[in-house]
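No lab work stands behind these numbers, since they all come straight from the coordinates. Please read these numbers as outputs of a predicted model, since none were measured by experiment. No Cβ is skipped: glycine too gets one built from the backbone with ideal geometry, and neighbour counts run over all protein chains shown.
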Amino acid sequence: MKRYRNATQWGVYNIGVEEGRIVDVRGVEEDPEPSDIGNVLLDGIQHGARIKRPAIRKGWLESSDRQRHRRGSDEFCDVPWDEALEMAANELRRVADEHGNTSIFGGSYGWASAGRFHHAQSQLHRFLNLMGGCTRAMNSYSTAAAQVILPHVIAPWPQMELQQTTLQNMIDHTQLFVAFGGLPKRNAQVAYGGVTEHRTALDFDRAHKAGTEFVSISPMANDTESSLGASWLAPVPGTDVALMLGLAYVLETQNLSDASFLDSHCVGYSKVKDYLLGRADGIAKTPQWASSICGVAAEGIEALARKMAGRRTFFAAAWSLQRGDHGEQPYWMLATLAAMLGQVGLPGGGFGFGYSAEAFVGTDYKRFNWATFPKGRNPTGFAIPVARITDMLLNPGQDVQYDGRGITYPTIKAIYWAGGNPFHHHQDLNRLVTAWRKPDTVIVNEPWWTPIAQWADIVFPATTSLERNDICASSHDPYAHFMQQAIEPQHEARSDHEIFAGLAAVLGFEDAFTESKNEREWIQDIWQRSQVIAQKQGFELPSFERWESEGVYRLPDEPRVRDWLADFREDPVRFPLATPSGKLELYSQTVASFGYTDCPGQAVWITPLEWLELDRDVFPLHLLSPQPKHRLHSQFDHSAHSQASKIQGHEVITMHPNAAAERGLKAGDVVRVFNTRGECLAGLALDARMRRDTVSLPTGAWFKPCPLTGIELNGNPNVLTRDKGTSQLAQGPSAQTCLVQVEKYHAEGLEASGSTVKETSPTP
């Protein structure tokens, strides 16, 4: 057996190969706690669901009107590579010539590979940019609301991600850690661009042993590991802002806030104070008021506020909080609450976002910006918020607001998707299905017959990271790995770079796209440009040949020992924030000037459009759709490792035992989960450590609607979630704003599959 080092978004592994087959997957010695998601590689790469050769949808090929209504249910025809490339290239040229380049949507998502060269989004955008540009997406499904609101309040999002207070500082100094949304270990298995050392859970355990007290504020107790001994407060989902306001009221009215810090380092607190005390709207934000909304006892709110004021306290908010209706508000209010306590910039105090959301948040590694595969400039300069794809396809010409400016949706005639799966990420998938049939053509690069491939017109079989060489090196990880090709490309698969080079050749700009470099030369180019960056920072990277031979390089140790915002705290004049005032903007005149009623100039409680107090009689359960622990997003859902986590082939929904008993349900049942937007099947698990009115169904099951009934068979929660922007400010996804009902499912008459490639379909 020969071993190869290869990197994924959930860890670095030594891949054992015998006779061209993957037979063993082991974490590398540098990783103290390898993720078992690596097991998806054992059968997931060389699976029957692989796309064997280029394929064209029959209706698109045979009819002048493209038979768009058959997209997602049609059969495919295999065609030779040269014919497929010519058809796709000619169609892209036609659309650009007849409708302009903004009519081409370059869809991608950056999780396809941990490699820097074979980065699907970069490859796609470089190709389309050289062709004249496209419409693209901006921000992310994970953090869209945060990415837009936080620059107005504190700092740009990249700084927030990479420069937050380290877990080591918390271990040394934090006495009380208040986690809104919990600290789910499952999320810390992954990191975009790759992760070598899984340390997050170990570091939190160290903090607990050092004496840090944890408070987990989440509808589900298992959002924080039991080993941390956390106190648990279980608010009604989506009401964290009300709870925070109740805490803030106590700080203000019991003289527990830091008036000096608020005056010297913040702007707008007077307006916050007026709102807290009810001078602005006639409603004092007392613990009793907060309790009436969030369901946490008023006495508990007051006790927590007083405890916060008496300890070195750190506030954290999970990414899930901002993925709800008015998702900008909890992040803004968390910053406000921390500012009132006055510990921002002190060792182990202050606030942060996304601890345990990805493996790198809070690490103390040296930050180094490695060179990347160059995408070039998009000549159109046009982008839409990432979560508004369906709106764009359904409403060409519509004007929408985004961060203080207007955006007019273009008319999309062609979609090119490489990397990612919108039938996983997007909300209200039945609405997306309608929208997805609007463009003339959908082109996809994919290794497997995933939903995005089955909903395409032209499908190119793409290689996986184990079928090519690459470089894994990210700004949040201290290691650079030479990703070794472990197996030959399966069937007729080609890398994204080869596919786009082939298209560029048909269109006449192959040399511009490839720069006459092969795979190894591009990897060498990225390394050599990184060497120049390193020299400017005072250290040397090894030669390319040495790094390639050794397979791994670790950056010099340069731990970040200071707390985030420490400089700002010491001297806000010399070290101002990147806000208009240079200070923490608890009230933003800029945001206020936009005139958005759904996102005013300060953090406020705004009733969600859909929540338990509104529709409890019809849909009495609030659905949470967290990340799964057994895969990344929807990747490798076809693998044995992912399938083993399911119940009777369906994704698992977790419910309180009492709520199940009321419905005559027991663990292991197949249930129907439904609302007015859609319905899906799921396998039932029970957990008493959650709110009785809350259920949890992880994302990522491959979208498979029954062709006869329309019910989604695998358990994809996004047939249920609401496709609404968080607000006019960020237009982010609001998946966590969703009500459902659950009932026992009786399988009589169930048709097994809507797949067009039944012999390769991952589930029955």
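By the equivalent-ellipsoid construction on the alpha carbon gyration tensor, the chain comes out with semi-axes of 40, 31, 26 Å, ordered largest to smallest. Residues in the range 438-447 carry Karplus couplings, in order, of 7, x, 5, 9, 10, 10, 9, 9, 7, x Hz; the curve used is 6.51 cos²θ - 1.76 cosθ + 1.60 with θ = phi - 60°, and Gly or Pro positions show x. Restricting the count to DSSP beta bridges whose residues both fall in the chain, what percent are antiparallel, rounded to a multiple of 5? If we restrict to bridges inside the chain, about 50 percent are antiparallel. With respect to the chain, whose longest principal axis is taken over its alpha-carbon atoms, helix 200-209 is tilted by about 20°. Axis of helix 496-507 versus longest Cα principal axis of the chain: the two differ by about 60°, to the nearest ten degrees. Cβ crowding within 10 Å, taken as a proxy for footprinting-reagent exposure, orders 536, 744, 724, 646 from fewest neighbours to most as 536, 744, 646, 724. Using the Cβ atoms and a cut-off under 12 Å, what net charge is assigned to the surroundings of residue 450, where Lys and Arg are +1 and Asp and Glu are -1? That works out to 0. Close amide H pairs (under 5 Å, H built 1.01 Å from N) link residue 679 with 712, residues at least 5 positions away or on another chain.
Overall, the range 607-764 carries a charge dipole of about 340 debye about its Cα centre when +1 sits on the Cβ of Lys and Arg and -1 on the Cβ of Asp and Glu, all other atoms neutral.
Among beta bridges from DSSP that stay inside the range 607-764, the antiparallel ones total about 65%. Seen from residue 299, the other residues with C-beta closer than 15 Å to its C-beta sum to a net charge of +1, counting Lys and Arg as +1 and Asp and Glu as -1.
Checking the a/c ratio against 1.5 first, then a/b against b/c, what shape does the Cα gyration tensor give for the range 32-94? Here the range 32-94 falls in the prolate category.
Among 140, 216, sorting on how many other beta-carbon atoms sit within 10 Å of each Cβ, with the fewest leading, yields 140, 216. Separation of the range 699-731 and the range 308-377, taken as the distance between their Cα centroids, equals 28 angstrom.
If you average the C-alpha positions of the range 576-634 and of the range 378-408 separately, how far apart do those two centres end up, in angstrom? That distance is 20 Å.
Projecting the Cα atoms of 234, 495, 390 onto the dipole axis of the chain, where Lys and Arg carry +1 and Asp and Glu carry -1 at the beta carbon, places 234 farthest toward the positive end.
A P(r) calculated from all alpha carbon pairs of the range 607-764, with 5 Å bins opening at zero, reads 2, 9, 18, 22, 20, 15, 8, 4, 1, 0 percent. When peptides 626-633, 346-353, 676-683 are sorted by average Cβ neighbour count within 10 Å, with the highest value leading, the order is 346-353, 676-683, 626-633. Stretching the chain fully between residue 226 and residue 573 yields a gain of 120.6 nm (0.36 nm per residue, less the alpha carbon separation). Selection among 212, 700, 297 by position relative to the dipole of the chain gives 297 as farthest towards the positive end (Cβ unit charges, Cα centre). Anisotropy class assigned to the range 34-142 is oblate, per the alpha carbon gyration tensor with a/c at or over the 1.5 cut-off and a/b no larger than b/c. Between the range 208-224 and the range 50-91, the alpha-carbon centres lie 52 Å apart. Put a plus charge on the Cβ of each Lys and Arg, a minus charge on the Cβ of each Asp and Glu, and nothing anywhere else: the dipole of the chain about its Cα centre is then about 760 debye. Seen from residue 518, the other residues with C-beta closer than 11 Å to its C-beta sum to a net charge of -3, counting Lys and Arg as +1 and Asp and Glu as -1. Per-residue extension of 0.36 nm, minus the Cα-Cα distance of residue 606 and residue 644, leaves a gain of 9.6 nm for this segment. Helix 120-130 and the longest principal axis of the C-alpha atoms of the chain enclose an angle of approximately 70°. Ellipticity at 222 nm from helices only: DSSP H runs of n ≥ 4 in the chain, each -39500 (n - 2.57), divided by the residue count, give -8000 deg cm²/dmol.
Peptides 301-312, 257-268 ranked from most to least packed by the mean count of surrounding Cβ atoms within 10 Å: 301-312, 257-268.
Ranked by the mean number of other Cβ atoms within 10 Å per residue, highest first, peptides 596-602, 659-665, 110-116 order as 110-116, 596-602, 659-665.
Quick one: grab the alpha carbon gyration tensor of the range 422-500, order the square roots of its eigenvalues as a ≥ b ≥ c, and give me rounded if a/c is under 1.5, else prolate or oblate depending on whether a/b is larger than b/c.
The shape class here is oblate.
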